[in-house]
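The values are calculated or read from the model by the stated rules, or taken from the named source; none is laboratory data. Owing to the predicted nature of the structure, the values given are computational and were not obtained by experimental measurement. A quick note on method: Cβ atoms are made from the backbone with ideal geometry, for glycine too, and the neighbour counts reach across all protein chains shown.
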Amino acid sequence: SACSATGPFACDYPVLIGNDDYYGGLGGAFTISTKSVTSGSVVLRHEMGHNFASVGEEYDGGSAYNGANSDSVNNLNNLKWSHWLSEPQNPQIEQANILLQAYPWLDLAQGSYSVNFTAEGLNGGYTRWLLQFTASGVETQDSFEATLDGVSLGWITTGDLDRGFTDVFSETPLAPGVHTLTFRQLSTPTSGNIRMICNINLHEYGPEPMFHMDDSTFISAYPTYASSGFRRVRPGNEFCLMRNMTSEILCSACKESIWHQFLSRVSLIDSVVRLPSSDDLVSMQLNVIPVAQFRPIPINNEQFILQWMRNGIFQINLNDLYQWTLPLSEASGVWNVFLEFRTDEVRNDPSNLLQFTEEFTI
Ligand SMILES: [Zn+2]
C-alpha cells in the first residue's frame, strides 16, 4: 500500500529500509535492507539479487540453495550453467574442503570464542586456505583480536560499529591436524555497544588448476555447504555478490536469470502503430523498449533482429526497419512482426523469452 500511495506508475519496485544504523536485511516478497551507510547498499544489492533473479544463496551455511546458481554435485555433466563453463569440455568439482562454518553471534563480553578444527592440509592436497569472518561493535584497533593457534591474524578495524567483513588468505598450507581459532575482545566497549563475533567460514583449497582461484571470473562447479552440511555446487568462487556480499558483481548465471525473470513479464515490443499517411499509402512504426541499438551507449553486444511477415510470407526487404511505408495494395493483409533480442548476458533461452511477436491487420 505504501507503493500504491506514491501514485500510479510512480513506484517501480518496493524496498523496505529499516530505520537502523546497522547491518540487516532479507529477500522474499519484498527486499529489506537498513539505512546503514556502511552495509545498507551491500545488503540491498544481495537481497535484490534474490528478488530480481531466480537464484538462491551461493555462500556457505545457509539453507536456500535453489535456482539458476545452485545445482546438485551429481549433475556435473548437465549443470544449469553448463553453457557458461570456462572449460566446458572438462567440468570438475573444484577441490575445496570446508573446515569451519559457524554463526556464533556471540557477545564477546561473555568470554572469548574459541573453536577447534582439523585441517587436512597437504595430506588432502590442500595448499592454501581462506578464513572469512565478520564482527561487529569493533570500532577501534584495540577492541578485538583474532588468533590462529595463538598467533594474531592481523585483523584491521573498519573504524565503525557496523558488521565488518574480514578475509585472511594464506598460500602456506595448514599443517594437518587440530588447530584453534580464537576471537576475543581486547577492551570493554564504552559506547553502550557490544563486541560480537558474527560468523566464521574457513576453507582450504587445492592448487591451480584443481581449484581455480587465480581467474576470479572462472565458471565451474564450486562446492557450497548448507548449514546442514549438505553439499551443492555454485558457478563461481568469490566473484558473485550472491556468495560474497562485498562483491559488486553478479556471476553470469545470476545475470542471465535476471533477464529471464524480467522478460517473462515484459515484452520489448512497446507498440506497433499506423502513422498518418495518404489514403493509398500505409506507414507503420514499431516502437521498442530502448535497449540494444537504441541505448544511448550500447552494451554487451546487445542487438535487435527485426522481421516482418505479411500473410505468412517474410518481407525480407523490411528486415530491421522500424518504420516503413508501402502502397495500400502491398500492405493489406495479416501481419506479424518478430523481434529478437540478443545480449552477451543470455546464452540460453529455452522458453524463447527473448523473442517477441505482435499480430495486426491492415
Ligand atoms: Zn551468482
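Restricting attention to segment 229-247, the residues being over 15 Å from Leu130 (Cα atoms) and surrounded by fewer than 24 Cβ atoms within 10 Å (Cβ to Cβ) number 8.
Taking the criterion of being among the acidic types (Asp, Glu) and not in a loop (DSSP other than H, G, I, E, B), the residues of segment 224-279 that qualify are Glu256, Asp270. Those residues that are part of a loop (DSSP other than H, G, I, E, B) and either out of contact with any strand residue (DSSP E or B) (no Cβ under 9 Å at 6 or more places or on another chain) or of a type in the set (Phe, Trp, Tyr) (or both), I need them from segment 194-209; list them, please. Of everything in segment 194-209, those that are part of a loop (DSSP other than H, G, I, E, B) and either out of contact with any strand residue (DSSP E or B) (no Cβ under 9 Å at 6 or more places or on another chain) or of a type in the set (Phe, Trp, Tyr) (or both) turn out to be Glu208, Pro209. Taking the condition on the phi < 0 side of the Ramachandran plot and in contact with a Ser or Thr (Cβ under 7 Å, 6 or more places away or on another chain), does Glu120 pass? When the stated conditions are applied, Glu120 does not pass them. Taking the listed residues Arg274, Arg310, the one that is over 30 Å from Ser54 (Cβ atoms), among the charged types (D, E, K, R) and crowded, with 17+ Cβ neighbours inside 10 Å is Arg310, with no other qualifying. Would you call Leu268 hydrophobic (A, V, I, L, M, F, W, C), exposed (fewer than 13 other Cβ atoms within 10 Å of the Cβ) and either within 19 Å of Asn66 (Cβ to Cβ) or touching a strand residue (DSSP E or B) at 6+ places or on another chain (Cβ under 9 Å) (or both)? For Leu268, the condition - hydrophobic (A, V, I, L, M, F, W, C), exposed (fewer than 13 other Cβ atoms within 10 Å of the Cβ) and either within 19 Å of Asn66 (Cβ to Cβ) or touching a strand residue (DSSP E or B) at 6+ places or on another chain (Cβ under 9 Å) (or both) - is not met. Glu87 falls short on exactly one of the conditions (1) at pLDDT 95 or above; (2) closer than 28 Å to Pro176 by Cα, and that condition is (2). When residues of segment 290-320 are filtered for being outside any loop (DSSP other than H, G, I, E, B) and either without any contact (Cβ under 8 Å) to a residue 24 or more places away in the chain or in contact with a His (Cβ under 6 Å, 6 or more places away or on another chain) (or both), how many remain? Summing the residues that are outside any loop (DSSP other than H, G, I, E, B) and either without any contact (Cβ under 8 Å) to a residue 24 or more places away in the chain or in contact with a His (Cβ under 6 Å, 6 or more places away or on another chain) (or both) in segment 290-320 gives 7. Taking segment 90-124 as the range and being within 30 Å of the chain's Cα centre (by Cα) and either under 24 Å from Ile219 (Cβ atoms) or aromatic (Phe, Trp, Tyr) (or both) as the test, the residues that pass are Asn90, Pro91, Gln92, Ile93, Glu94, Gln95, Ala96, Asn97, Ile98, Gln101, Tyr103, Trp105. None of Met245, Met210 is outside the structural domain of Trp335 (by TED's automatic domain parsing), farther than 30 Å from Phe294 by Cβ, of a type in the set (A, V, I, L, M) and away from the ligand (no atom under 13 Å from the Cβ) except Met210. Out of curiosity, is Arg184 crowded, with 18+ Cβ neighbours inside 10 Å, in contact (Cβ under 8 Å) with a residue 12 or more places away in the chain, basic (Lys, Arg) and not assigned by TED's automatic domain parsing to the domain that holds Asn348? No: the conditions fail for Arg184. I'd like the full set of residues that are hydroxyl-bearing (Ser, Thr, Tyr) and part of a loop (DSSP other than H, G, I, E, B), limited to segment 145-163. Thr157, Thr158, listed by residue number. For segment 118-128, does any single residue satisfy the condition of being crowded, with 19+ Cβ neighbours inside 10 Å, among the aromatic types (Phe, Trp, Tyr) and under 14 Å from Gln101 (Cα atoms)? Within segment 118-128, none of the residues are crowded, with 19+ Cβ neighbours inside 10 Å, among the aromatic types (Phe, Trp, Tyr) and under 14 Å from Gln101 (Cα atoms). Taken across segment 13-36, residues that are touching a residue at least 60 places away in the same chain (Cβ under 8 Å) and touching a Phe, Trp or Tyr at 6+ places or on another chain (Cβ under 7 Å) do occur, with at least one present. Mind checking whether some residue in segment 301-308 is among the aromatic types (Phe, Trp, Tyr), more than 16 Å from the ligand (Cβ to nearest atom) and under 28 Å from the mean Cα position of the chain (by Cα)? Yes. Summed over segment 217-241, residues that are polar (S, T, N, Q) and within 13 Å of the ligand (Cβ to nearest atom) total 4.
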